[in-house]
Amino acid sequence: MRVLVLGADGYLGWPTALHLSHRGHEVGVVDNFVRRQYDYELGTSSLVPIAHLQRRVRVWEEISGLNIDSFIGDLTDAAFVGETLRTFKPDAIVHFAEQRSAPYSMIDRSHAVYTQVNNVVGTLNLLYAIAEIDPSIHLVKLGTMGEYGTPNIDIEEGFIEITHRGRTDVLPFPKQPGSFYHLSKVHDSHNIMFACRIWGLRSTDLNQGIVYGQETDETDLHPDLATRFDYDGVFGTVLNRFCTQAVVGHPLTVYGSGGQTRGMLDIRDTLACVELAVTNPAEQGEFRVFNQFTESFSIRELADRVAEEFPGKVEIATGTPNPRVEKEEHYYRAAHTKLLDLGLVPHLLSRSTIASILSVVERNRDRIDMAAIAPAVNWRNTSAGTPVSDDARVGSRRS
Ligand code: NAD
Ligand code: USQ
């Protein structure tokens, strides 16, 4: 199939593009490099050095003999989106290209506005372009398990049957997201569902849990094919952060009591799930939702697992003041059978997985900036902030 991967310079987009190419699909990649610009803004960088997209694509072609087409531009630029779709003519689009950090979206008003405009407008431009150019294109959109929040009932895969005053209907599962970032994903889901209903588009919303790990079969082939690995207090996700903290002897930053429970998955399963969604497309007019995670863990359990696996001494700082506003003890049970039904064979969190993340960190420990580890953003901050102009986010506008 012809698959266009949006956000293909990022943590998940790049290894997904390689995987799909390796599996015989014709792949095109899109990015505006704004993720690299957030690093400049925050004074952080990926723990693992990453080559420029042009170099990555060249190295892949040299190693595999497979071509990847690159399109550099911003999804909030409707003309660029239309031009790219007309040129590449995809059968499917995998959409990773959003601002994805909850803390980044909570820095201040300016970052909340940026996150929602970037994510919601980019997706709307895409929906209009698909509707106008080729409504048969299957949109595989990365959403998040955090759209649901932590309700005191079982979470279903997208929809729930409700009987109310004697009448029954199947309705979207209630959403209680925990940041302006997570809210942007809810807005996207509503917009995509609406476009499928009114224009007959077809889409799969992948409500993905927290991803861990850095190595995949394809990225391991050459250092310049490596994907990024974030450990800082804004973009680092919890297990990748805990492994980094263990290596440098920093107490593991368990926010609050650590009873927060989340769905999680190995980076290799992200690739497999996306491929399953692409090769088993939604019907024309269908909006379907898959919960994309393989296991759930509390934050305390994750800290214990890292401490068990790390050969040295690890201090677990349970009770680190929680910078977020979230339930620290709650019920959590979420359905996740649809991808398993399509054939997903998960890589469950094992001692060897944790050991392999620890070894990625060990190999790059000289690059760790201790000052970047502390949680940097407080959910209670209501300041307007200094607007970060679009021009300052180099690459966020097409020249
Ligand atoms: P990332 O920030 O590493 O990658 C996103 C990429 O999209 C970046 O390269 C960025 O430059 C690009 N981008 C952003 N806005 C763009 C725009 N307007 N135009 C063009 N390119 C743009 O993020 P990631 O961790 O790879 O996550 C990818 C997707 O998966 C996101 O949508 C995220 O919400 C979702 N997701 C990630 C995780 C996780 O644990 N990393 C978990 C669940 C869902
Ligand atoms: N946490 C800690 N200590 C830390 C870091 C995080 O206790 O040092 C806690 C947080 O308070 C939270 C949980 O761990 O309760 C998860 O935090 P996270 O930063 O690992 O993940 P999150 O902010 O939820 O966001 C990440 C990705 C996002 C994706 C989401 C999936 O950045 O793109 O959408 O995971 S989900 O969590 O299912 O919504």
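When the residues of region 248-266 are filtered to those that are over 19 Å from V234 (Cβ atoms) and open to solvent by less than 10 Å² (accessible area, probe 1.4 Å), the one that is farthest from ligand 2 (Cβ to nearest atom) is D266. M145 meets the conditions (1) within 27 Å of N322 (Cβ to Cβ); (2) open to solvent by 20 Å² or more (accessible area, probe 1.4 Å) in every case but one. The failed one is (2). Out of curiosity, is L271 outside any strand (DSSP E or B), more than 9 Å from ligand 2 (Cβ to nearest atom), of a type in the set (A, V, I, L, M, F, W, C) and touching a Ser or Thr at 6+ places or on another chain (Cβ under 7 Å)? Criteria met by L271.
Determine whether region 307-317 contains at least one residue that is within 30 Å of S189 (Cβ to Cβ), assigned to a loop (DSSP other than H, G, I, E, B) and at pLDDT 95 or above.
no
In region 365-387, the residues that are within 13 Å of G249 (Cα to Cα) reach residues that are open to solvent by 30 Å² or more (accessible area, probe 1.4 Å) with C-beta atoms within less than 6 angstrom, at least six apart or across chains, in these pairs: I368/V248; I373/H250.
All conditions in (1) within 16 Å of ligand 2 (Cβ to nearest atom); (2) without any contact (Cβ under 8 Å) to a residue 60 or more places away in the chain; (3) open to solvent by 50 Å² or more (accessible area, probe 1.4 Å) hold for F180, with the sole exception of (2).
Any residue at all in region 83-99 that is open to solvent by less than 40 Å² (accessible area, probe 1.4 Å), out of contact with any Pro (no Cβ under 6 Å at 6 or more places or on another chain), within 11 Å of ligand 1 (Cβ to nearest atom) and over 16 Å from V27 (Cβ atoms)?
Yes: region 83-99 contains one or more residues that are open to solvent by less than 40 Å² (accessible area, probe 1.4 Å), out of contact with any Pro (no Cβ under 6 Å at 6 or more places or on another chain), within 11 Å of ligand 1 (Cβ to nearest atom) and over 16 Å from V27 (Cβ atoms).
Scanning region 23-35 for residues that are within 8 Å of ligand 1 (Cβ to nearest atom) and either surrounded by fewer than 20 Cβ atoms within 10 Å (Cβ to Cβ) or hydroxyl-bearing (S, T, Y) (or both) returns a single hit, F33.
Among the residues that make up region 213-227, is at least one of them surrounded by 19 or more Cβ atoms within 10 Å (Cβ to Cβ), within 12 Å of ligand 1 (Cβ to nearest atom) and more than 25 Å from T76 (Cβ to Cβ)? Taking every residue of region 213-227 in turn, at least one turns out to be surrounded by 19 or more Cβ atoms within 10 Å (Cβ to Cβ), within 12 Å of ligand 1 (Cβ to nearest atom) and more than 25 Å from T76 (Cβ to Cβ). Filtering region 201-210 down to residues that are within 22 Å of S296 (Cα to Cα) and open to solvent by 10 Å² or more (accessible area, probe 1.4 Å), which residue is farthest from ligand 1 (Cβ to nearest atom)? Here the answer is G209. Of all residues in region 1-48, those satisfying the criterion of being among the basic types (K, R) and within 20 Å of R241 (Cα to Cα) are R35, R36.
Of all residues in region 214-241, those satisfying the criterion of being outside any loop (DSSP other than H, G, I, E, B) and more than 30 Å from P375 (Cβ to Cβ) are D220, L221, P223, D224, L225.
Does any residue of region 21-31 turn out to be in a helix (DSSP H, G or I), acidic (D, E) and farther than 17 Å from E275 by Cα? Scanning region 21-31 turns up no residue that is in a helix (DSSP H, G or I), acidic (D, E) and farther than 17 Å from E275 by Cα.
Looking across region 193-223 at every residue that is under 27 Å from V360 (Cβ atoms) and charged (D, E, K, R), the one that is nearest to ligand 2 (Cβ to nearest atom) is identified as E215.
Give region 51-69 a look and list any residue that's open to solvent by less than 40 Å² (accessible area, probe 1.4 Å) and either in contact with a Gly (Cβ under 6 Å, 6 or more places away or on another chain) or more than 22 Å from D91 (Cβ to Cβ) (or both), or say none. Hits for region 51-69 are A51, L53, R56, V59. Taking region 183-197 as the range and being over 18 Å from the mean Cα position of the chain (by Cα), open to solvent by 40 Å² or more (accessible area, probe 1.4 Å) and in contact (Cβ under 8 Å) with a residue 24 or more places away in the chain as the test, the residues that pass are N191, M193, R197. Scanning region 305-316 for residues that are closer than 17 Å to N240 by Cβ and either free of Cβ contacts under 8 Å to residues at least 40 places away in the same chain or within 11 Å of ligand 2 (Cβ to nearest atom) (or both) yields one hit, I316.
Residue count for region 43-77, restricted to those that are closer than 27 Å to I368 by Cα and under 19 Å from the mean Cα position of the chain (by Cα): 7. Being part of a helix (DSSP H, G or I), of a type in the set (D, E, K, R) and within 16 Å of ligand 2 (Cβ to nearest atom): is that true of K141 here? Here the answer is no, as K141 does not meet what is asked. For region 340-379, the set of residues classified as acidic (D, E) and open to solvent by less than 70 Å² (accessible area, probe 1.4 Å) consists of D369 only. Restricting region 288-308 to residues that are more than 30 Å from D341 (Cα to Cα) and open to solvent by 40 Å² or more (accessible area, probe 1.4 Å) leaves a set whose member that is farthest from ligand 1 (Cβ to nearest atom) is E308.
The values are calculated or read from the model by the stated rules, or taken from the named source; none is laboratory data. If you're wondering where the values come from, they're calculated on a predicted model, not measured in any experiment. Neighbour counts run over all protein chains shown; Cβ positions are idealised from the backbone, glycine included. Ligands, DNA and RNA are excluded from the accessible area calculation, which covers all protein heavy atoms including side chains. Shrake-Rupley method; radii C 1.70, N 1.55, O 1.52, S 1.80 Å.
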